[in-house]
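Let me begin by presenting the structure, written as structure tokens, before commenting on it.
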Amino acid sequence: MAKKKEQPPSVAKAKNIAESTVFDESIYTHVREILEAARKRAYAALSREMVMAYWNVGKKISETTNGRAEYGAFVVKNISERLTRDYGSGFSKRNVFYMRQIYEAFPNSADAFAQLS
């Protein structure tokens, strides 16, 4: 008959404490609240960064094309194709055009963030 392996005292003690202690649900609730708050702050920061990135892309396109419609269409198409190739979907011609429109509608970046986030 195999001899039962004894656990070190610290492991046995922890096991006994865990088995005999009622879990305080408020601990889990508090930990969950901490993580949810951090997640919300992360999403807000990401949202702000993306609005600012799109505003800056729009600014660059607008300043580069300087009201030249045909050249603007070429730039938007070229950027769209290359960004789609490099980063995947989300950079259609329409979306890149909208980035330019964001800048033109809100030349002040703070206004863009306030209105779009």
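The values are calculated or read from the model by the stated rules, or taken from the named source; none is laboratory data. No experiment lies behind these values; they were computed from the predicted model shown. Neighbour counts are summed over all protein chains in view; Cβ atoms, including those assigned to glycine, are modelled from backbone coordinates with ideal geometry.
The set of residues from segment 28-52 being over 18 Å from F106 (Cα atoms) and charged (D, E, K, R) comprises R32, E33, E36, R39, K40, R41. Of the residues making up segment 74-117, those that are more than 12 Å from G58 (Cα to Cα), in contact (Cβ under 8 Å) with a residue 12 or more places away in the chain and of a type in the set (F, W, Y) are F91, F113.
Checking each residue in segment 86-102 for being part of a helix (DSSP H, G or I), of a type outside the set (A, V, I, L, M, F, W, C) and within 21 Å of the chain's Cα centre (by Cα) picks out D86, Y87, N95, Y98. Only one entry of G58, G67, G72 meets the criterion of being modelled with pLDDT under 95, part of a helix (DSSP H, G or I) and either more than 27 Å from the chain's Cα centre (by Cα) or not polar (S, T, N, Q) (or both), and that entry is G72. Residues in segment 92-117 that are surrounded by fewer than 14 Cβ atoms within 10 Å (Cβ to Cβ) and hydrophobic (A, V, I, L, M, F, W, C): A110, A114. Residues that are of a type outside the set (K, R), surrounded by 12 or more Cβ atoms within 10 Å (Cβ to Cβ) and closer than 14 Å to S109 by Cβ within segment 53-75 comprise Y54, W55, N56, V57, G58, S62, listed in sequence order.
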